[in-house]
Amino acid sequence: NGAPFTELPVAFKKLQTELLKKPGGDREMVEVLALVLHHEEQSVLAAVELALEVGVPTKMYVINVLHRLLDGKADPPPVDAPQALRLTTEPQANVTRYDDLRNERKVRHA
């Protein structure tokens, strides 16, 4: 009986539209709606809105955002790597080195 879900907030409807595009999306949507049983509706709604804003409309992402919202901890500050850890020479693909290693195995060292 889906009668209690006839009137959903816009964010929930958008999430439902996205989830129903993939197999098992209906089950994921039910699990997202079930989050309201354990958390405040506004918190779940905020998590859904953030997931849609970022472009990751999945149950797992909504749960992750919800827990981060409820945790209340601030995001960690960005890490600025010291100059010593930066690459001075970018690595390059070297397929001839791979071929050389393969040819070395053909030589028998007995």
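The values are calculated or read from the model by the stated rules, or taken from the named source; none is laboratory data. Every value quoted in this text rests on a predicted model; they were computed, and no experiment measured them. Glycine also receives a Cβ, built like all others from the backbone with ideal geometry; neighbour counts cover every protein chain displayed. Keep in mind that these areas ignore ligands, DNA and RNA; they rest on the heavy atoms of the full protein, side chains included. Shrake-Rupley method; radii C 1.70, N 1.55, O 1.52, S 1.80 Å.
Give me the residue from region 9-22 that is in contact with a helix residue (DSSP H, G or I) (Cβ under 7 Å, 6 or more places away or on another chain) and not aromatic (Phe, Trp, Tyr) and, out of that set, modelled with the lowest pLDDT.
Among them, the one singled out is PRO9.
Would you say GLU7 is free of Cβ contacts under 8 Å to residues at least 60 places away in the same chain and open to solvent by 100 Å² or more (accessible area, probe 1.4 Å)?
For GLU7, the condition - free of Cβ contacts under 8 Å to residues at least 60 places away in the same chain and open to solvent by 100 Å² or more (accessible area, probe 1.4 Å) - is met.
Listed here are the residues, each with its yes/no results for (1) part of a helix (DSSP H, G or I); (2) open to solvent by 40 Å² or more (accessible area, probe 1.4 Å); (3) in contact with a Ser or Thr (Cβ under 7 Å, 6 or more places away or on another chain).
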| residue | (1), (2), (3) |
| --- | --- |
| VAL32 | yes, no, no |
| HIS39 | no, yes, no |
| SER43 | yes, no, no |
| VAL48 | yes, no, no |
| LEU52 | yes, yes, no |
| PRO57 | no, no, no |
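Restricting to region 11-57, give me the number of residues that are farther than 19 Å from ASP71 by Cβ, over 17 Å from the mean Cα position of the chain (by Cα) and of a type outside the set (D, E, K, R).
Selection size over region 11-57: 11.
Report yes if TYR61 is of a type in the set (Phe, Trp, Tyr) and either open to solvent by 90 Å² or more (accessible area, probe 1.4 Å) or modelled with pLDDT under 90 (or both), otherwise no.
No, not satisfied.
Residues in region 64-79: is at least one under 19 Å from ALA11 (Cα atoms), of a type in the set (Asp, Glu) and not in a helix (DSSP H, G or I)?
no
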